[in-house]
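Since every read-out is calculated from the coordinates, none of them should be taken as a lab result. Given the structure is predicted, the values throughout are model-derived calculations rather than measurements. So basically every Cβ, Gly included, is an ideal-geometry build from the backbone, and we count neighbours across all protein chains shown.
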Amino acid sequence: MKGLRKVVWAEGVFLGQQHFQLWDRYLEKYQHLRAKSLSPFNWGILSHRIDSDSLANGQYKLLACDVIFPDGRLVSYEGNADEALSCQLDASGDHVEVMLAIPSNDSVSGIAGYQNNSRLGAWAASFDQIPDEHDPARVREVMVGRPNLRLFQTGEPQEHFVSVKLAELVRGVDGAFALNKKFVPPVCHLEAAPAASS
């Protein structure tokens, strides 16, 4: 669908999942356009934590992050609640860039009864037990979409993904990788980049 189209709610309209899907897209696009009008720098890292010890073992491991991607999608990742997110660093290079990426579509993979259209969905369906806000004893299983995030390194193909560069790593004299302290990733505020705020 092109442009920004508002869903019209009216009596007698047969309600289908497309209404909610369109409403969801409308609200996301609306928020993205609103943020874009307020600031040209409306995307980047809000916060992120890595396992610094894993760098010595040639691995980049993301523990948590909040990111606004260039297309306006806001993603919150928590390593202890979501699928582990790490990559083995290229042993042949002395300089490695690490990007956090999400497929550049809005599809959800893993929904029972729907055909898999052979493309990787930006979201992966799973089920959570959600309590009622007014009566926590009333619990219902709700299908939710978890972000289908990937870590890419320098030179890896990223077509059909939107990404944000998280880090530049350099190999030290001891052969282990370390964060390049001179690199400041795209951030929404300085607290998200320790090198810039110190």
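Footprinting exposure proxy ranking of His19, His134, fewest other C-beta atoms within 10 angstrom first, gives His134, His19.
Qualifying trypsin sites (Lys or Arg not before Pro) in region 75-159, where qualification requires a DSSP coil assignment and no more than 10 other C-beta atoms within 10 Å, comprise Arg138.
Springs between alpha-carbon pairs under 10 angstrom, Gaussian network model over the chain: which of Ser109, Ser47, Ser39 fluctuates most? Comparing Ser109, Ser47, Ser39 in a Gaussian network model of the chain, the most mobile one is Ser39.
Electrostatic tally near Glu141: other residues with Cβ closer than 14 Å to its Cβ, Lys and Arg +1, Asp and Glu -1, net 0. Between helix 17-38 and the chain there is an angle of about 50 degrees, using the helix long axis and the longest principal axis of the Cα atoms. Over all Cα atoms in region 43-197, the spread is summed up by Rg and Dmax: 17.7, 59 Å. Taking the fewest neighbouring Cβ atoms within 10 Å as the starting point, the ordered list for Asp90, Asp24 is Asp24, Asp90.
When only DSSP loop residues count, what GluC sites (Glu not before Pro) in region 97-178 have their Cβ near at most 13 other Cβ atoms within 10 Å? Can you show the working numbers first?
Details: sites: Glu97, Glu133, Glu141, Glu159, Glu168; in loops: Glu133, Glu159.
Filter output for region 97-178: Glu133, Glu159.
For the listed residue pairs Lys29/Lys181; Lys36/Lys61; Lys6/Lys36; Lys61/Lys165, the alpha carbons are over 25 angstrom apart in Lys29/Lys181; Lys36/Lys61. Would region 96-157 count as rounded, prolate or oblate if I go by the C-alpha gyration tensor, calling it rounded below 1.5 in a/c and otherwise prolate when a/b exceeds b/c, oblate otherwise? Oblate, since a/c reaches 1.5 and b/c is not below a/b.
Of all beta bridges DSSP finds with both residues in the chain, what is the antiparallel percent, to the nearest 5? Antiparallel bridges make up about 95 percent of those DSSP assigns within the chain. Would you work out if region 1-102 is rounded, prolate or oblate? Take a ≥ b ≥ c from the square roots of the eigenvalues of the alpha-carbon gyration tensor; rounded if a/c is under 1.5, else prolate when a/b is larger than b/c, oblate otherwise. It comes out prolate by the Cα gyration axes.
Between Asn105 and Ala84, the FRET efficiency estimated from the beta carbon spacing at R0 = 22 angstrom works out to 0.40.
In a fully extended conformation the segment linking Ser92 and Gln31 would gain 17.7 nm over its present Cα-Cα distance, using 0.36 nm per residue.
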